[in-house]
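The block underneath contains the structure these notes are about, expressed in structure tokens.
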Amino acid sequence: VVSMGLQLRDNDIALPSNIVAFSPWLHMSSNDPDIIELSLSGIDPMIVYWAAAMKGACFAGVDISGITTKEQAADLVMQIPEENTYLNPYNGDFTGMPPISIFTGTHEVLLVDSRNFIEKMENQYGEDAVVRHMEGETWDGGDVMFHYYEYDGMNHTFPLFPIPESLQVINQIAQVIE
């Protein structure tokens, strides 16, 4: 959804007033060892890194024929063009974009990706451009470019499941988009 926002802006198509992303894959060409370690730990029942790497490579047009091992599959991300900001929003320019809210959990493979992205955005646009919310915390207004929500013990795309934390996320989204 973050990539779609960049594409809309770059093609002069009307942007939404806010972008909300659940567990986004923001740096497809990264093979950060922490992501691989999280995947191997089994902490995230929703994503297996090597399988996601194959899907990402296919999406990017990388030839996956001849891939026979998990290690080969995991290395496919290195063939995804780093400079393609639609595949790697991590490297994008967010000037002219609406506020972006990212929701992630501590028990998901892409947690490292979200943390790295938010840290980079703080460095690129300044600490005032990012608000790191505590779990369940509400927003009292103000202009920021990025809202970051990290929920302890939650898995990939947890807001889509019928659990109490999902109701908190719905309330947080409502406050940000008002």
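What share of the DSSP beta bridges in the chain is antiparallel, in percent to the nearest 5?
0
Let's see if you can work this out: charge +1 on each Lys and Arg Cβ, -1 on each Asp and Glu Cβ, no other charges. What is the dipole magnitude of segment 1-155 about its Cα centre, in debye to the nearest 20?
Taking the Cα centre of segment 1-155 as origin, the dipole is about 460 debye.
Using a 1.4 Å probe and ignoring any ligands, DNA or RNA, find the accessible area of Val62 and quote it in Å² to the nearest 10.
20
At 0.36 nm per residue, minus the direct Cα-Cα distance, what do Ala51 and Gln72 gain on full extension? Give it in nm, one decimal, please.
That works out to 6.5 nm of additional length.
May I ask you to compute the full-extension gain from Glu83 to Thr106, defined as 0.36 nm times their residue separation minus their alpha-carbon distance, rounded to one decimal in nm?
Roughly 5.5 nm would be gained on extension.
What's the extension gain from Asp152 to Asp12 if we count 0.36 nm per residue and subtract their Cα-Cα distance?
Computed gain between Asp152 and Asp12 is 46.6 nm.
The values are calculated or read from the model by the stated rules, or taken from the named source; none is laboratory data. Here the structure is a predicted model, which means the values were calculated and not measured. Quick reminder, even Gly has a Cβ in these numbers, built from the backbone with ideal geometry, and neighbours come from all protein chains shown. To get the accessible areas, we keep the full protein, side chains included, count just its heavy atoms, and leave off ligands, DNA and RNA. Shrake-Rupley method; radii C 1.70, N 1.55, O 1.52, S 1.80 Å.
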